[in-house]
Amino acid sequence: MQIVVVGGGSVGLLYAARLARSGQAVTVVTRSSLQSNQLMQNGLSYQRLDGEKSVVSIFAQSIEYGLPHADVYLLSVKQTDLPELLPMLQKLPASARIVALQNGMGHQELLAQILPERQCFFAINTEGARRLSATEVMHTGSGLLRIGPWESGIEMDPLIQSFVAVLVGSGVNARLEESIKPYAWRKLMANALINPLTALFDIPNGALLENPQTLQLMRELYLEASAVASVNGQEMKESDWQEIVNICRNTSRNLSSMLQDVRRQKRTEVEAINGYLVKRGKAAGIPTPMHEVLLRLILLKTDMGIGKEGGDSK
Ligand SMILES: NC(=O)C1=CN([C@@H]2O[C@H](COP(=O)(O)OP(=O)(O)OC[C@H]3O[C@@H](n4cnc5c(N)ncnc54)[C@H](OP(=O)(O)O)[C@@H]3O)[C@@H](O)[C@H]2O)C=CC1
Ligand SMILES: CC(C)(CO)C(=O)C(=O)O
C-alpha cells in the first residue's frame, strides 16, 4: 500500500516514522523543500515513548511538486492550513482515500464540498507528539488513533480497513470505527479544555491536573461545552469527563499542539476548537462566556507574540 503523509509536523512525522520503520511505503509531503531535502538526506530521527531512538530512512517531497500517487493520504496539517490543499485534493483519482486527522471542527464540511463521501475518512488522535526539528520527532504520550467515516451507515471501505491493519502492524494503537462524529465531538471537548489552558499558562498537559484551580476551570469549561454538545445531539456522560482527565494524564509530558503553535508564533486552531463551540452555542442560544474569553485570550496571545520561544530549526 502506498501511503502519503501530508504535513511534516509533530503528528505527521510521528506516524510516518512508525510506518516507515516497519517497512511500509510512505512518503512525507512537506511545505518546504528544505525540510524534504533534509529528510531525504538525514532520515527521520524518531524517539519512542520508552526513550529508544532510531533513524528511519524516508521518502519526502515538497508540496510545490504536488501530491505524489498514493492509495491513502493522511492529512496531518492544521485546520488552518487545510484550505490551501483543497485544489490538489480535488484532483485526486476516485480510487484514492483521504484520512483527515485535524483537531477541532470544520474540516469535514470543507472536504465534503470537494470530494464524495466514500473518499473521505477521518481520524481522531489522542497520541502526543512533538517535532523537535525538521527531521526529529518524539512520541510524548500514549493514546489511540480512531479511523472511520464521519457518519455511520457507510459501507466499510476495504482500503481503509487495510490501512488500519497496516497501522496496527506498525505498532500503532489504531482502531476502525463505524462513525467518527461522536469521537470528534468528544475530542473537541478535550481540546477545548486542555489546549487553551496549557497554551495560556505555558505548561505541559499533566500540569493541569496538579492544581485544583486549573482542574476546577476545566470542569466549568466542560459543563459549558456539554450544553452545546447536547443541543447538537451529543449527550455527554460523566465517563466523557473522566476520559478528558485520562487524556491529560496519558499525555502528561506533552506540550499541546496549541502551546507548540503559540511558542512558534504560528496561528493556532483555537477558532476551530473553542471558536466552534462559541459559534454553535450562539446559534442555539446557549451562553459560552468561558470559552469566549479563552478564544479571545489565545487570539490576543498570538497577536501580541507572547510566549514565543526560539522555535525549532525548521
Ligand atoms: N501535536 C500533537 O500532540 C497532536 C496534534 N493533533 C492535531 O493534529 C493536526 C496536526 O498537528 P501537529 O502535527 O501538531 O501540527 P504541526 O504544525 O506540527 O504540523 C503541521 C505540518 O503541516 C505542514 N503544512 C502546512 N501546510 C502544508 C501544505 N500546504 N503542504 C504540506 N505541508 C503543510 C506544516 O508546515 P510548516 O511547519 O512549514 O508550517 C507543519 O509541518 C492538528 O489538527 C492538531 O491539532 C492531534 C493530537 C495530538
Ligand atoms: C491529545 C492532545 C491533547 C495532546 O496534547 C492533543 O490533541 C493536542 O495537543 O492537540
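Going through (1) part of a loop (DSSP other than H, G, I, E, B); (2) under 29 Å from Asn250 (Cβ atoms); (3) open to solvent by less than 80 Å² (accessible area, probe 1.4 Å) one by one, Ser54 falls short only on (1). Screening the range 253-272 for residues that are touching a Pro at 6+ places or on another chain (Cβ under 8 Å) and more than 9 Å from ligand 2 (Cβ to nearest atom) and picking the one that is farthest from Leu49 (Cα to Cα) gives Val270. Out of Gln108, Gln38, one residue alone is away from ligand 1 (no atom under 11 Å from the Cβ), closer than 18 Å to Ser10 by Cβ and part of a helix (DSSP H, G or I). It is Gln38.
Residue check: is Leu49 touching a strand residue (DSSP E or B) at 6+ places or on another chain (Cβ under 6 Å), part of a loop (DSSP other than H, G, I, E, B) and within 16 Å of ligand 2 (Cβ to nearest atom)? The answer is yes for Leu49.
Taking the range 150-248 as the region of interest, the helices (runs of 4 or more DSSP H) fully inside it that hold 1 or more residues being exposed (fewer than 13 other Cβ atoms within 10 Å of the Cβ) and in the same structural domain as Ser22 (by TED's automatic domain parsing) are 158-169. For the range 258-272, the count of residues that are open to solvent by less than 80 Å² (accessible area, probe 1.4 Å), under 11 Å from Ile194 (Cβ atoms) and assigned by TED's automatic domain parsing to the domain that holds Arg186 is at least one.
When Gly275 is tested against (1) away from ligand 2 (no atom under 13 Å from the Cβ); (2) touching a residue at least 60 places away in the same chain (Cβ under 8 Å); (3) closer than 19 Å to Leu217 by Cβ, only condition (2) is not met.
The values are calculated or read from the model by the stated rules, or taken from the named source; none is laboratory data. Given the structure is predicted, the values throughout are model-derived calculations rather than measurements. Don't worry about glycine lacking a Cβ; one is built from the backbone with ideal geometry, like all the others, and counts go over all protein chains shown. Side chains are part of the model used for accessible areas, which takes the heavy atoms of the whole protein and leaves out ligands, DNA and RNA. Shrake-Rupley method; radii C 1.70, N 1.55, O 1.52, S 1.80 Å.
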